[in-house]
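Below is one structure, written out as structure tokens; the observations come after it.
The values are calculated or read from the model by the stated rules, or taken from the named source; none is laboratory data. Everything numeric here is computed off the predicted structure, so don't read it as measured data. Backbone-built Cβ (ideal geometry, glycine too); neighbour counts: all protein chains shown. We work out accessible area using only protein heavy atoms, side chains counted, and drop any ligands, DNA or RNA first. Shrake-Rupley method; radii C 1.70, N 1.55, O 1.52, S 1.80 Å.
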Amino acid sequence: MFVETHSLTKRYDKFVALDACSLGVEEGEVFGLLGPNGAGKTTLLRLLLGYLQPTSGHATIGGRDCQMQSVAARQLVSYLPGEARLYRGMRGRDVLRFFSDVRQGGDFRQALRFAERLDLELARRVAFMSTGMRQKLAFAATMSTDSPLVILDEPTANLDPSVRATVSEMITEAKSGGRTVIFSSHVLSEVEEVCDRVAILRAGKCVHTQVLSELRRKHRLAASFVGDVPTVPDELRESLRVWRGVHGELIIEADELSSSLRWLATLPVTEIRAEPIGLRSVYDRFHANREATA
């Protein structure tokens with residue numbers, strides 16, 4: 001694993017911000033962190049960067065301990081914080097040049113290409129930029145380095161949908177170039193689109209890790225029957241989850257669609273609807289009614 005955490009914990013007196021979090025991120029993977037505010041996402045990222053000292057546990061990036069070798073670990077990382085602070089007196093172009101010059105592996109020309117894709121007005125001073133414009137500027141500066149790991153904390157906050165799509169494209173391109181990406185987000189659709197795996201955090205704990213390719217194969221079926229509800233065959237019991245819907249229909253979550261449809265084809269079904277399960281259904285198992293997500 002390129003990034004690993006082992007029982008990583010951060011406490012502030014009696015408050016536990018991160019609780020025994022153990023996970024791994026493979027090289028070249030896009031890994032998402034999901035959870036409401038206060039779930040521990042930003043704390044986890046700051047511990048990886050060595051900005052916070054863990055109460056217990058440890059983490060590594062590229063085999064380098066994030067606390068004992070924090071400088072060496074950060075040399076592998078390009079980081080976009082959730083609230084990026086930029087020099088307000090500088091013009092956008094000067095900001096990109098500064099970060100390209102100060103960081104080993106910075107690429108000013110690449111930063112300019114990213115700025116053009118994000119429709120940035122580089123002649124404007126940061127102080128006169130909108131919140132979304134400053135976010136785009138910080139993102140372009142972050143992505144323009146050649147660091148093997150990119151950490152993005154809420155990269156699409158304050159961005160409109162069209163720009164979010166461009167950001168997703170750039171993250172996918174970073175993966176295609178062999179880079180590893182970790183990012184937190186509240187936007188389930190963009191996480192589902194670009195991530196290989198996601199971890200769901202709740203109250204400081206990592207409560208679930210989901211492989212997205214496996215999730216995309218799963219479907220939910222809603223079937224109406226004539227007569228009594230049939231018994232699920234023994235050979236399908238492990239791959240199906242079945243319950244009654246609010247309107248009396250049979251709801252089936254299937255790991256594999258074709259075998260479920262073959263079974264249903266032998267039954268007196270009057271109506272059937274099928275849809276992908278999607279990341280929201282997984283997220284809602286742990287955070288149903290806790291927050292509204294976009």
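Tabulated values for the structure
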item	result
Subset of the range 147-192 [over 14 Å from Lys41 (Cβ atoms) and part of a strand (DSSP E or B)]	Leu149, Val150, Thr180, Val181
Residue list for the range 73-85, restricted to those being open to solvent by 30 Å² or more (accessible area, probe 1.4 Å) and more than 20 Å from the chain's Cα centre (by Cα)	Arg74, Gln75, Arg85
Residue that is farthest from the chain's Cα centre (by Cα) [pool: residues in the range 198-211 that are surrounded by 18 or more Cβ atoms within 10 Å (Cβ to Cβ) and either of a type in the set (A, V, I, L, M, F, W, C) or over 14 Å from Tyr283 (Cβ atoms) (or both)]	Gly204
Which listed residue, of Gly50, Gly82, Gly89, Gly106, is assigned to a loop (DSSP other than H, G, I, E, B) and under 22 Å from Gly28 (Cβ atoms)	Gly106
Among the residues listed as His6, His58, the single one being open to solvent by 60 Å² or more (accessible area, probe 1.4 Å) and closer than 20 Å to Gln75 by Cβ	His58
Output for the range 1-27, where each listed residue is without any contact (Cβ under 8 Å) to a residue 40 or more places away in the chain and hydrophobic (A, V, I, L, M, F, W, C)	Met1, Phe15
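This table checks each residue for (1) open to solvent by 90 Å² or more (accessible area, probe 1.4 Å); (2) part of a loop (DSSP other than H, G, I, E, B).
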| residue | (1), (2) |
| --- | --- |
| Leu215 | no, no |
| Leu221 | no, no |
| Ser224 | no, no |
| Gly227 | no, yes |
| Pro230 | no, yes |
| Arg262 | yes, no |
| Glu271 | yes, no |
